[in-house]
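Rule-based calculations on the coordinates, nothing more; no lab input. Owing to the predicted nature of the structure, the values given are computational and were not obtained by experimental measurement. Cβ: placed from backbone, ideal geometry, glycine included. Neighbour counts: every protein chain shown.
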Amino acid sequence: MLVIMLQVTGCATAGDRDRAGSSNTAQGRSSFELGPGVIVAGNEPMTYVMGRGGEIEAIDARTGDSVWRSSLAAKPLAVLGSSLIAQAVAKRPGVLPIEVLDLSNPETPPLSIEVPLPAGVFAFIDQPLGISFAVEARDEAGVVVVSWSYLEQHVSSVAPAPGTSPILRRAEGGARFDIESGELQVLEGTSAPPSPVLPHQLQQMFEDGELQRPPSRAGSVFATTTTQVIEGGDRQVVLNRWEAETGKALPDVVLFNGRPRAAVQSSDNRHIVITSSLEGAEAGGWERYQWSVFSMESGDSEGNLRWHTSATPFCVLGRTLLTITQPFSRKEEGRVVERPPALRAISFETGVQTWSHPLRDTAYRGPFPAGP
């Protein structure tokens with residue numbers, strides 16, 4: 001069975017914004033969110049992550065080395081020019097603290113912004129049981145726009161009664177501010193990114209059912225994939241592309257024939273991984289899946305890698321695949337070893353992991369209530 005997951009992240013992603021083609025062009029590459037609290041700095045080999053000690057760390061994506069740490073904020077949200085927009089730890093409900101760090105000197109006192117939240121809404125970083133708080137930041141014509149959402153649910157081992165909802169409270173909102181002046185404007189209602197704007201021709205093709213998924217901007221093209229059943233019950237994954245400037249259709253490229261487990265687009269929309277299960281003698285090891293990685297712009301193969309999960313958030317930087325893994329345990333040398341969430345780099349040249357860096361685990365992993 002083919003599973004299509006265009007994005008595997010917790011918040012709205014750079015990919016959602018990029019379908020309009022406003023920031024991630026053939027000439028440049030904006031920063032984007034690889035996963036919640038993991039920001040890749042586009043044109044530079046730098047990644048900003050949530051450190052396990054509550055700080056922000058700058059990681060050299062080439063080596064995995066920690067370049068600097070800053071305790072002035074806790075969760076990176078976006079890189080805008082020479083500034084890192086980040087969420088700080090809230091000390092009280094009703095306030096979302098945002099810090100603007102100078103990347104050239106991250107320990108200098110930052111610009112501090114307090115985004116007001118509704119009464120009783122707490123800007124959590126570590127998520128409690130039954131509560132989710134998500135935040136993102138983006139650039140709109142040189143102004144920072146912060147969007148947030150809050151969801152509180154009743155958690156029980158007993159299914160809710162018919163006609164009742166487990167949702168106790170839902171809220172969303174945002175604000176915009178100028179980095180230079182710090183002037184803040186609270187936005188009414190949601191401040192989520194506008195719906196992606198596709199060329200009329202492509203929008204019409206999608207609405208008419210000619211395309212299975214809406215195209216996204218990948219460098220100089222708009223691209224999507226189509227999956228169809230072929231002889232023997234196998235599936236064929238085909239890349240469809242159009243020139244971004246003219247809308248001219250480009251030749252389709254057959255990416256894969258076989259039994260794919262998943263087709264996962266990268267967090268910046270520039271690549272796609274098609275995952276298949278290893279067979280025969282190769283199927284019994286820890287790395288049970290083969291990742292076939294392709295460029296969404298050209299259809300060229302980046303290479304094949306083996307990995308232990310069928311789908312995780314990823315991006316391609318040069319000849320390296322960068323991905324996030326969730327906590328897992330495995331038996332190593334006769335004992336069970338627990339591994340925290342981590343940012344990992346895999347080389348296309350060797351097919352092996354070159355480095356990994358542990359990340360802050362913000363998910364709730366405690367006990368669940370036994371009763372209603």
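Descriptive notes on the structure:
- For VAL95, distant residues with modelled amide H under 5 Å away: LEU117, ALA123
- Within region 128-158, backbone nitrogen closer than 11 Å to the virtual label 7 Å beyond the Cα of ASP178 toward Cβ: 143
- Förster-model FRET efficiency, 25 Å R0, ASP102 and LEU187, C-beta, rounded to 0.05: 0.45
- Cα gyration tensor shape of region 105-150, rounded if a/c is under 1.5, else prolate or oblate by comparing a/b with b/c: prolate
- Paramagnetic reach from SER220 (point 7 Å along Cα→Cβ, amide N under 12 Å) across region 238-260: 243-246
- ASP208 paired with SER277, simple spin-label distance in nm, labels 7 Å along Cα-to-beta-carbon: 3.9 nm
- Dimensions (Å) - region 141-237, Cα atoms, principal axes, largest first: 57, 50, 21
- Rounded to whole Hz, the Karplus (6.51, -1.76, 1.60) HN-Hα couplings of region 82-89, x for glycine and proline: 9, 10, 10, 8, 9, 8, 9, 6
- Separation of region 145-173 and region 324-364, taken as the distance between their Cα centroids, equals 32 angstrom.
- On a per residue basis, the convex hull of the C-alpha atoms belonging to region 21-111 measures out at 116 Å³.
- Karplus-derived HN-Hα couplings along region 267-273 (A = 6.51, B = -1.76, C = 1.60, θ = phi - 60°), whole Hz, x at Gly and Pro: 5, 9, 6, 8, 9, 9, 9
- Gyration tensor (alpha-carbon) shape descriptor, region 237-279, a/c threshold 1.5: oblate
- Per-selection Kirkwood Rh - the chain (Cα, Å, 1 d.p.): 22.2 Å
- Cβ-Cβ FRET estimate between HIS200 and ALA141, R0 fixed at 25 Å, reported to 0.05: 0.55
- Viscosity 1.567 mPa s, 4 °C: Kirkwood-radius Stokes-Einstein D of region 200-358 over Cα pairs, µm²/s: 76 µm²/s
- Packing-based ranking of 39-51, 286-298 yields 39-51, 286-298, ordered from highest to lowest mean Cβ neighbour count within 10 Å.
- Using θ = phi - 60° and Karplus 6.51 cos²θ - 1.76 cosθ + 1.60, couplings along region 341-356 (whole Hz; Gly, Pro as x): x, 8, 8, 10, 10, 10, 7, 6, 6, 9, x, 10, 5, 9, 6, 9
- Potential lengthening between VAL158 and VAL95 on full extension [0.36 nm per residue; Cα-Cα distance subtracted]: 19.3 nm
- Using the Cβ-Cβ distance between SER132 and ALA249 with R0 = 30 Å, the FRET efficiency computed as 1/(1 + (r/R0)^6) comes to roughly 0.15.
- With the simple spin-label model, which puts each label point 7 Å out from Cα in the Cβ direction, the ALA363 to ASN304 separation comes to 3.0 nm.
- Full extension of the segment from PHE348 to SER329, taken as 0.36 nm per residue of separation minus the current Cα-Cα distance, would add 4.3 nm.
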